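One structure below.
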Amino acid sequence: MAASVNVLFVCLGNICRSPTAEGVFRKQVAAAGLEQQVRIDSCGTGDWHIGKGPDQRAVTAAGRIGIDISGLRARQFEVEDLDSFDYVLVMDRQNLADVKEIWHQNGGTVPRLFLNFADFDDQEVPDPYFGGDDGFQHVLELIHQAGEGLLNDIRGKLG
């Protein structure tokens, strides 16, 4: 039986950045032929959007590159996620602080900034929620590059 890796993307509300990361990374994993070995999910630290679909601007931006995230539904981060996922990847320093607070109390997988897997000066995926469409495009570009780095890391773990 092949090894498997579980990846969780975390942002604030789970309607812009983390569902985009989930969709983009699913496509990258499928293109690498690893969809049977990599489980991918996303969530938010806040509870405002539980059960709701991604922001329409995120759906539109992802759709432009052939990725459909419209069926995803927001959920809130749970303490059990630290035990269920091999990678807990957060979008910005505030998300990291929020998840690390839970991690400090419970242990499990150490949360990390997602952009640590890419070569950028800034290690945060900016929240595009209050901006225009170009912010969603920028998020897609950052996520795509970090996803490639993450995929390389996972390939190393899977052998």
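Every read-out reported here was derived from the displayed coordinates using simple, explicitly stated rules and does not represent laboratory data. Note that the structure is predicted; figures quoted are calculated from it, not measured. Cβ: placed from backbone, ideal geometry, glycine included. Neighbour counts: every protein chain shown.
Excluding same-chain residues fewer than 8 positions from residue 52, which lysines have a Cα within less than 27 Å of its Cα?
Residue 52 reaches 27, 100.
Let me check against my output: what whole-number percent is the relative contact order of the chain, with C-alpha pairs under 8 Å and at least 6 apart?
That works out to 27 percent.
Please compute the Cα-Cα pair-distance distribution of the stretch 38-101 with 10 Å bins starting at 0, giving whole percents from short to long.
19, 45, 32, 3
Under 8 Å for C-alpha pairs, at least 6 residues apart: give me the relative contact order for the stretch 91-159, rounded to a whole percent.
Contact order relative to length: 30 percent.
Could you give the nm distance between label points at residue 137 and residue 84, where each point is 7 Å from its Cα heading toward the beta carbon?
With each label point 7 Å from Cα toward Cβ, the separation is 3.6 nm.
Counting helices only, and only those DSSP H runs with n ≥ 4, report the 222 nm mean residue ellipticity of the chain as the sum of -39,500 (n - 2.57) divided by its residues, in deg cm²/dmol to the nearest 500.
Result for the chain: -13500 deg cm²/dmol, rounded to the nearest 500.
If you take the beta carbon distance between residue 30 and residue 73 as r and set R0 to 25 Å, what does 1/(1 + (r/R0)^6) give as a FRET efficiency, to the nearest 0.05?
Computed FRET efficiency for residue 30 and residue 73 comes out at 0.75.
Roughly how big is the chain's charge dipole about its Cα centre, with Cβ charges of +1 (Lys, Arg) and -1 (Asp, Glu), in debye to the nearest 20?
The dipole of the chain has a size of about 420 debye.
In the stretch 4-38, whose amide N lies under 17 Å from the spot 7 Å out along Cα-to-Cβ of residue 56? List them in ranges.
Correct set: 15-16.
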